[in-house]
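Just below is one structure, and these are the notes that go with it.
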Amino acid sequence: MSTPVRPWQQAPIAWVLRAVFTDPWARIDARERTERCGHVSARTATLITGITMALMMVLLRFGVMDHEFQRDFARGVAFVGGKIDPSWGAFGHKYYRLLSNVGWVVGCFGCYVAIPTLVARFGMGLSPLDCYISPRGYAKQLPKYAALFLPVAVAVGLAVRDPEFLYQYPFYQDALGPLDQISWELAYAFQFFCLEFFFRGFALRGLSPELGAMAAVVSMLPYCMIHFGKPLPECLGSIVAGLVLGTLALDTRSIWGGVTIHVAVAWSMDLAALAHKHQLLNFQ
């Protein structure tokens, strides 16, 4: 009697696609597609969510990403803290670069979390918990995200010798010491919570009642666009990441797996770049 052939032995690629996309999409469509989203119709929620996403992308591009915004934030914090000293450089503060980067994080919080939360609450009647920030069931999903991280870790190891990669990373290249670097990495991690809340929380919750699983496809588009200017492999990888993380967030109703893998990837890229440049424990 012959041994039965498993599905993944017959067609591995088809089995992976079914496990990652087809089956979850069927579950998502059956559960998420409804006539209403909060206190508005599903179609109205899609309109509100889509317009909010577009406006936040504009605000991010022409406000938060503007160097003047980041400079003014750094100088404002320095002034309030009473730490301005002309001997600390052109901008009058020893930690100007760190503070300007933190200004970017604060701006991301405004665009990705604060304003969308207000829109969700008063425009659709949804609380932040409705936007998939509950940690329930998070531990059970960790093996999936660990499996997703492994090929990315390999790719980082291969990319670390690429001059373009080393030009981009570490993200914060002006650290004055370990405490400065660690402070930035913690702020950097918080930025990824903000990003996941927006693209895999607010966006998917507002779009899925009308679009079902295809909400992951729609949210992937602006997510890819924020990677313009990054190395080409990273930009292309954001398409796959957007689809996979969006599908998992909808299927699990949680953004925390995405936060975890994003932080793990970002920290591994920074650490790999610092190590390659012999700056991991050797700061100026």
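The values are calculated or read from the model by the stated rules, or taken from the named source; none is laboratory data. None of these values were measured; they are calculated from a predicted model. Ideal geometry is used to build each Cβ from the backbone, glycine not excepted, and the neighbour counts take in all protein chains shown.
Points worth noting:
- Among the residues listed as GLY177, GLY229, GLY212, the single one being in contact (Cβ under 8 Å) with a residue 12 or more places away in the chain, surrounded by fewer than 22 Cβ atoms within 10 Å (Cβ to Cβ) and over 29 Å from LEU126 (Cβ atoms): GLY177
- Residue check for VAL119: surrounded by 12 or more Cβ atoms within 10 Å (Cβ to Cβ) and either modelled with pLDDT of 85 or more or within 15 Å of THR260 (Cβ to Cβ) (or both): yes
- Matching option when the condition is crowded, with 16+ Cβ neighbours inside 10 Å and modelled with pLDDT under 95, among VAL64, VAL16, VAL5, VAL40: VAL64
- GLU196 acidic (Asp, Glu) and under 15 Å from the mean Cα position of the chain (by Cα): yes
- Within region 122-160, the set of residues being surrounded by fewer than 15 Cβ atoms within 10 Å (Cβ to Cβ) and in contact with a Gly (Cβ under 6 Å, 6 or more places away or on another chain) comprises GLY125 only.
- Residues in region 120-133 that are of a type in the set (A, V, I, L, M), over 20 Å from the mean Cα position of the chain (by Cα) and assigned to a helix (DSSP H, G or I): MET124 alone.
- Condition check for LEU245: in contact with a His (Cβ under 9 Å, 6 or more places away or on another chain), in contact (Cβ under 8 Å) with a residue 40 or more places away in the chain and either surrounded by 18 or more Cβ atoms within 10 Å (Cβ to Cβ) or assigned to a loop (DSSP other than H, G, I, E, B) (or both): yes
- Qualifying residue in region 161-168 (condition: in contact (Cβ under 8 Å) with a residue 12 or more places away in the chain, buried (at least 21 other Cβ atoms within 10 Å of the Cβ) and out of contact with any Pro (no Cβ under 8 Å at 6 or more places or on another chain)): no
- Residue count, region 78-116 (criterion: aliphatic (A, V, I, L, M) and modelled with pLDDT of 75 or more): 8
- Subset of region 134-181 (residues that are of a type in the set (A, V, I, L, M) and either closer than 30 Å to LEU250 by Cβ or within 20 Å of the chain's Cα centre (by Cα) (or both)): ALA139, LEU142, ALA146, ALA147, LEU148, LEU150, VAL152, ALA153, VAL154, ALA155, VAL156, ALA159
- Single residue of GLU164, GLU185 found to be more than 30 Å from ARG27 (Cα to Cα), at pLDDT 85 or above, acidic (Asp, Glu) and in a helix (DSSP H, G or I): GLU185
- Of the listed requirements (1) at pLDDT below 95; (2) surrounded by 21 or more Cβ atoms within 10 Å (Cβ to Cβ); (3) in contact with a Gly (Cβ under 9 Å, 6 or more places away or on another chain), LEU195 misses just one: (1).
- Evaluated against (1) free of Cβ contacts under 8 Å to residues at least 12 places away in the same chain; (2) outside any helix (DSSP H, G or I), ALA114 falls short on exactly one condition, (2).
- Residue in region 26-35 that is at pLDDT 85 or above, assigned to a loop (DSSP other than H, G, I, E, B) and either touching a Phe, Trp or Tyr at 6+ places or on another chain (Cβ under 8 Å) or surrounded by 14 or more Cβ atoms within 10 Å (Cβ to Cβ) (or both) present: yes
- When residues of region 248-283 are limited to those that are charged (D, E, K, R) and assigned to a helix (DSSP H, G or I), the one surrounded by the fewest Cβ atoms within 10 Å (Cβ to Cβ): ASP251
- LEU148 being touching a residue at least 60 places away in the same chain (Cβ under 8 Å) and part of a loop (DSSP other than H, G, I, E, B): no
- GLY201 closer than 30 Å to ARG36 by Cβ and of a type outside the set (Lys, Arg): yes
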